[in-house]
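Presented below is the structure to which this report refers.
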């Protein structure tokens, strides 16, 4: 089923991060840069279900989409599925300042990928624990990755090389689950 998978995301950096994984798994994927209207929810699985169905309706072929959230423990798991809205409103420095009075700075980055083949909807999840830094690091294009330091690292997510990211990231974990599923169902 080579060439029959479309990855849809408005964010080209997500595709750039996933491209080496697609190549390594021998998937021939078409990337379409398109915003998919999302419901506002803190539940990643609800968001991904709606987003996957909307992408399939738009594209009309098997699609893969993803949604990532940053769950900050000191904020009761917020912003979670609302991370983009949270980031657009507060940016990195304000988030770091907001957490400066908390001793607990742990967080979890979670990605849920959704796949629809036209018959059924599937989802795959990956997560990565870390802490929120005292100040942003790296380029703004990485958004919350500028303030998230993965466990076992001294660098922010935004400062890690793509190979490092793909060996530890929440997105890579979700992708690896999807890749195993894809191989067992579509590469026979």
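Read-outs throughout are calculated quantities, based only on the coordinates presented, and are distinct from any laboratory measurement. Just so you know, these numbers come straight off a predicted model, no measurement behind them. All Cβ positions, even for glycine, are placed from backbone atoms using ideal geometry, and neighbour counts span all protein chains on display.
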- [ ] May I ask for the angle, rounded to the nearest 10°, between helix 44-59 and the longest principal axis of the chain, with both axes built from Cα atoms and the value confined to 0 to 90°?
- [x] 40 degrees
TODO: Take each of the peptides 107-113, 160-166, average the number of other beta-carbon atoms within 10 Å over its residues, and list them starting from the highest.
DONE: 107-113, 160-166
Open item on the list: Helix 12-24 against the longest principal axis of the chain: what's the angle in degrees, Cα atoms only, rounded to the nearest 10?
Closed with: 50 degrees
Open item on the list: With 10 angstrom as the radius, rank 144, 182 by how many other C-beta atoms surround their C-beta, starting from the fewest.
Closed with: 182, 144
- [ ] Could you please rank 125, 66, placing first whichever residue has the fewest other Cβ atoms within 10 Å of its Cβ?
- [x] 125, 66
Task: Calculated Rg and Dmax of the chain using C-alpha coordinates, Å - done: 16.4, 55
Task: Long-range Cα-Cα pairs in the range 1-51 (distance over 12 Å), rounded percent - done: 68 percent
TODO: Pairs of Cα atoms under 8 Å, at least six residues apart: use those to get the relative contact order of the range 5-186, whole percent.
DONE: 20 percent
- [ ] Round to the nearest 10 and give me the degree value, 0 to 90, for the angle of helix 83-99's Cα axis relative to the longest principal axis of the chain.
- [x] 30 degrees
Task: Which of 186, 122 has the fewest Cβ neighbours within 10 Å, and the rest in rising order - done: 186, 122
Task: Protection-proxy order for peptides 26-36, 145-155, each taking the mean of Cβ atoms within 10 Å per residue, highest first - done: 145-155, 26-36
Open item on the list: Need one number: % antiparallel among DSSP beta bridges in the chain, to the nearest 5.
Closed with: 80 percent
Open item on the list: Can you compute the helix-only [θ] at 222 nm over the chain? Use -39500 (n - 2.57) per DSSP H run of at least 4 residues, normalise by all residues, nearest 500 deg cm²/dmol.
Closed with: -12000 deg cm²/dmol
